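**Student:** Structure provided below as structure tokens; questions to follow.
The values are calculated or read from the model by the stated rules, or taken from the named source; none is laboratory data. These figures come from a predicted structure and were not determined experimentally. Note that we place each Cβ from the backbone using ideal geometry, even for glycine, and neighbour counts take in every protein chain shown.
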Amino acid sequence: MPSPIEISAVKLECFHRETDVSGTEVLLGTATGSFFVRNKKSYLVTNWHVLTGRRPNAPNKSETGAVITHLRVLYHDLEKDSQDRTVISRLRHKSFEIEINSVDGENPKWIEDPSRPLGNDIAAIECNIPENAAIKPANLVFEDKHVEPVFGDNVLILGFPRGLSGGTEALPIGKVGHIASGPMISHRGHPRFLIDARTYKGMSGAPVFLNDFRVTKSQIGTHQMLLGVYSGRLTSKIDNTETEIGYCWRTDYIEQLLFDRAPWPANRTSRLSSFANSPTFVDSADVKDNQGQK
């Protein structure tokens, strides 16, 4: 059986389709996502900037001006080997598509936090995990209630740096780092903390796990638990250089956003809607801005 953690992240390909029917599609980029599940509700979670191509704190800024109309989610099936063990299929990866917006950008289908109009970089789409898929919901991988993450703990970030994958097209690469700010202290008023790790474009939306050696009541050894979702790197306000400090949006906030709120209204809107048809074009280097979103 594959390790649950290695199948907790999925590769996302972001496309623009020329028409709402069956026009030509253009690949705009790749990113990372993970599934959160509770009480038969299943959501694909990633970053807001992955679904929009816009800055979370400046939605009028766009690198391409194109609307991302749909995602392609890459995954592998599980199968039995000759010894009747459950393994990841060695056949070519599979994929399924999720429609996330209309061509004109006026019909976003994702969930975002209405109480945080600017700066929030978490978005989710309700969808089911395909039957027999080698996908483990990230929020169900580990539930060690005896571990409290602290400043300096080691972390593991699972994603697809620059579109690369681990061994097969649909399995993630693990990058290591550590917690660089108090994990329960909100950074700039948002439910996120900082991590120090060498990450790359394509890892936006990656699940971040505690991966630290501890001695506790329940275990002596390496403790692993989901800490949150990675969303990009900080850029220096002084000289606009990129740092190796990134954001991690906390798991408790994401679960509250998805599962612990009143039902979402059918006519909800996104902060993208106001800017969908009037983007301001910027160089790709500028898209990161001083919050390092990428």
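**Student:** Just give me the residues in segment 92-116 being free of Cβ contacts under 8 Å to residues at least 60 places away in the same chain, β-branched (Val, Ile, Thr) and part of a strand (DSSP E or B), in sequence order.
**Tutor:** Listed by number, the list holds a single entry, ILE98.
**Student:** Which one is farthest from PHE209 (Cα to Cα) among residues in segment 225-250 that are of a type in the set (Val, Ile, Thr) and out of contact with any helix residue (DSSP H, G or I) (no Cβ under 9 Å at 6 or more places or on another chain)? Before you say what the answer is, go through the steps one by one.
**Tutor:** In the first step, residues of segment 225-250 are kept if they are of a type in the set (Val, Ile, Thr); the result is 229, 235, 238, 241, 243, 245.
Still in the list and also out of contact with any helix residue (DSSP H, G or I) (no Cβ under 9 Å at 6 or more places or on another chain): 238, 241, 243, 245.
Details: ILE238: 31, THR241: 27, THR243: 21, ILE245: 16 Å.
Looking at residues that are of a type in the set (Val, Ile, Thr) and out of contact with any helix residue (DSSP H, G or I) (no Cβ under 9 Å at 6 or more places or on another chain), I get ILE238.
**Student:** With respect to the numbered conditions (1) buried (at least 21 other Cβ atoms within 10 Å of the Cβ); (2) at pLDDT 95 or above, which one is the sole condition not fulfilled by ALA170?
**Tutor:** Condition (2) is where ALA170 drops out.
**Student:** Among the numbered criteria (1) on the phi > 0 side of the Ramachandran plot; (2) in contact with a strand residue (DSSP E or B) (Cβ under 8 Å, 6 or more places away or on another chain), which single criterion is violated by SER62?
**Tutor:** (1)
**Student:** If you check VAL155 against the conditions, is it surrounded by 20 or more Cβ atoms within 10 Å (Cβ to Cβ), farther than 23 Å from ASN57 by Cβ and hydrophobic (A, V, I, L, M, F, W, C)?
**Tutor:** yes
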